[in-house]
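> Supplied in structure tokens, the structure appears directly below.
The values are calculated or read from the model by the stated rules, or taken from the named source; none is laboratory data. All figures in this text were calculated on a predicted structure; none of them were measured in a lab. Because the Cβ atoms are built from the backbone with ideal geometry, glycine has one as well, and the counts that use them run over all protein chains shown. Heads up: the accessible areas ignore ligands, DNA and RNA and are worked out on the full protein's heavy atoms, side chains in. Shrake-Rupley method; radii C 1.70, N 1.55, O 1.52, S 1.80 Å.
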Amino acid sequence: MVIEAYSHGQRTFGENYVQELLEKASNPKILSSCPEIKWHFIGHLQKQNVNKLMTVPNLFMLETVDSVKLADKVNSSWQKKGSPERLKVMVQVNTSGEESKHGLLPSETVATVEHIKAKCPSLEFVGLMTIGSFGHDLSQGPNPDFQMLLSLREELCKKLNIPTDQVELSMGMSMDFQHAIEVGSTNVRVGSTIFGERDYSKKPALDKSAADLKATPEVTQAH
């Protein structure tokens, strides 16, 4: 399905698991049929998997930097790879405060971005990402997690003197991407709506993915 989506014009795809992303991105059929594909890693990244992630062909962006230590590790690993381009990264924020979600505390966001911009020359900070709580009732108003990411961007841009249009917002998935776009998301991570529900009883096939959709969304999530 990655190749089919690519044939219809989709170029950006995301994956939650390092090993699955490596296998999909290295698949000879995908490599030959999708020369302009851009892979986003959108899952939780453990430090021991950083070097493996850096070997993924056509890796375009890491959306889930959630600590200064992880940023330093990714910066060092990408440097060793010797790529002429900086790796685009987003900082993940836990806007809902749920223990089950990864991401920085909102109060740590500005300092972490400042560290990346000052101390990680091989990384290019491009935006903020959140998952947020599921099942928000829109009759109660806009999703507060999305609102928080918007306000964090405003604070960040003011304190670090960054133009707002240079900080993307990755928020919204299959169940809430339309609302996310309405309130300002620039990237939505749409998986099951396009590719169907993931079957957790077996390893996903290579043709299942997620589209990272630009808003004009860009990420398709690869199952």
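> Yes or no: residue 76 open to solvent by 40 Å² or more (accessible area, probe 1.4 Å), modelled with pLDDT of 95 or more, assigned to a helix (DSSP H, G or I) and among the hydroxyl-bearing types (Ser, Thr, Tyr)?
Working: open to solvent by 40 Å² or more (accessible area, probe 1.4 Å): yes; modelled with pLDDT of 95 or more: yes; assigned to a helix (DSSP H, G or I): yes; among the hydroxyl-bearing types (Ser, Thr, Tyr): yes.
Answer is yes for this residue.
> Among the candidates 22, 87, 59, 53, which residue alone is open to solvent by less than 60 Å² (accessible area, probe 1.4 Å) and within 28 Å of residue 154 (Cα to Cα)?
Working: 22 fails: within 28 Å of residue 154 (Cα to Cα); 59 fails: within 28 Å of residue 154 (Cα to Cα); 53 fails: within 28 Å of residue 154 (Cα to Cα).
Residue meeting the stated conditions: 87.
> Examine segment 137-150 for a residue that is at pLDDT below 90, touching a strand residue (DSSP E or B) at 6+ places or on another chain (Cβ under 6 Å) and part of a helix (DSSP H, G or I), and state whether such a residue exists.
yes
> Hey, another quick one. I'd like to check something: does segment 2-13 contain any residue that is of a type outside the set (D, E, K, R), within 12 Å of the chain's Cα centre (by Cα) and either at pLDDT 95 or above or closer than 23 Å to residue 169 by Cα (or both)? Please lay out each step first, then the result.
Keep residues of segment 2-13 that are of a type outside the set (D, E, K, R), which gives 2-3, 5-10, 12-13.
Now drop any that are not within 12 Å of the chain's Cα centre (by Cα), which leaves 12-13.
Next, from what is left, pick out any that are either at pLDDT 95 or above or closer than 23 Å to residue 169 by Cα (or both): 12-13.
Within segment 2-13 (the criterion being of a type outside the set (D, E, K, R), within 12 Å of the chain's Cα centre (by Cα) and either at pLDDT 95 or above or closer than 23 Å to residue 169 by Cα (or both)), the answer is yes, since at least one residue qualifies.
> Let me ask you something else. Which numbered condition trips up residue 121, out of (1) modelled with pLDDT under 95; (2) over 14 Å from the mean Cα position of the chain (by Cα)?
Only one criterion in (1) modelled with pLDDT under 95; (2) over 14 Å from the mean Cα position of the chain (by Cα) is unmet by residue 121, namely (1).
> Moving on. Mind listing whichever residues of segment 151-207 are in a strand (DSSP E or B), of a type in the set (Gly, Ala, Ser) and modelled with pLDDT under 85? Let's see the steps before the verdict.
Going through segment 151-207, the residues in a strand (DSSP E or B) turn out to be 168-173, 187-190.
Among the residues that remain, those that are also of a type in the set (Gly, Ala, Ser) are: 170, 172.
Of everything in segment 151-207, just one residue is in a strand (DSSP E or B), of a type in the set (Gly, Ala, Ser) and modelled with pLDDT under 85, namely 172.
> A further question on this structure: From 103, 127, grab the single residue that is within 23 Å of residue 182 (Cα to Cα), small (Gly, Ala, Ser) and under 17 Å from the mean Cα position of the chain (by Cα). So that I can check it myself, show each step before the final result.
Details: 103 fails: within 23 Å of residue 182 (Cα to Cα).
Checking each option against the conditions leaves just 127.
> Determine the pairs where a residue that is farther than 16 Å from residue 114 by Cα, located within segment 77-101, has a partner that is at pLDDT below 95 and among the hydroxyl-bearing types (Ser, Thr, Tyr) with Cβ atoms under 6 Å apart, the partner being 6 or more residues away or on another chain.
Listed pairs, sorted by first residue: 95/130; 96/133.
> Ok, one more. Go through segment 79-99 and report how many residues are part of a strand (DSSP E or B) and out of contact with any Asp or Glu (no Cβ under 6 Å at 6 or more places or on another chain). Quick ask: steps written out before the conclusion?
Here is the first cut: in segment 79-99, the residues part of a strand (DSSP E or B) are 87-93.
Of the ones still in play, those that are also out of contact with any Asp or Glu (no Cβ under 6 Å at 6 or more places or on another chain) are 87, 89, 91, 93.
Qualifying residue count for the region: 4.
> Could you list, in sequence order, the residues of segment 90-104 that are of a type outside the set (S, T, N, Q) and crowded, with 22+ Cβ neighbours inside 10 Å? Quick ask: steps written out before the conclusion?
Of the residues in segment 90-104, the ones of a type outside the set (S, T, N, Q) are 90-91, 93, 97-99, 101-104.
Selection gives 90, 91, 93, 103, 104.
> How many of the residues in segment 25-47 are over 19 Å from residue 123 (Cβ atoms) and either open to solvent by 60 Å² or more (accessible area, probe 1.4 Å) or among the basic types (Lys, Arg) (or both)?
Narrowing segment 25-47 to residues over 19 Å from residue 123 (Cβ atoms): 25-37.
Next, from what is left, pick out any that are either open to solvent by 60 Å² or more (accessible area, probe 1.4 Å) or among the basic types (Lys, Arg) (or both): 28-29, 31-32, 35-36.
Total meeting the criteria: 6.
> Any idea which residue in segment 62-73 is surrounded by the fewest Cβ atoms within 10 Å (Cβ to Cβ), counting only those that are of a type in the set (A, V, I, L, M) and over 17 Å from residue 16 (Cβ atoms)? First the steps, then the outcome.
Start the filter on segment 62-73 by keeping residues that are of a type in the set (A, V, I, L, M), which leaves 62, 65, 68, 70-71.
Narrowing the set further to residues that are over 17 Å from residue 16 (Cβ atoms) leaves 68, 71.
Numbers: 68: 17, 71: 22.
Filtering first and then ranking leaves 68.
> Among all residue pairs at least 6 apart or on different chains, which show Cβ distances below 6 Å where the first residue, located in segment 102-118, is at negative phi and the second is part of a helix (DSSP H, G or I) and β-branched (Val, Ile, Thr)?
Correct list of pairs: 104/112; 112/68; 115/68.
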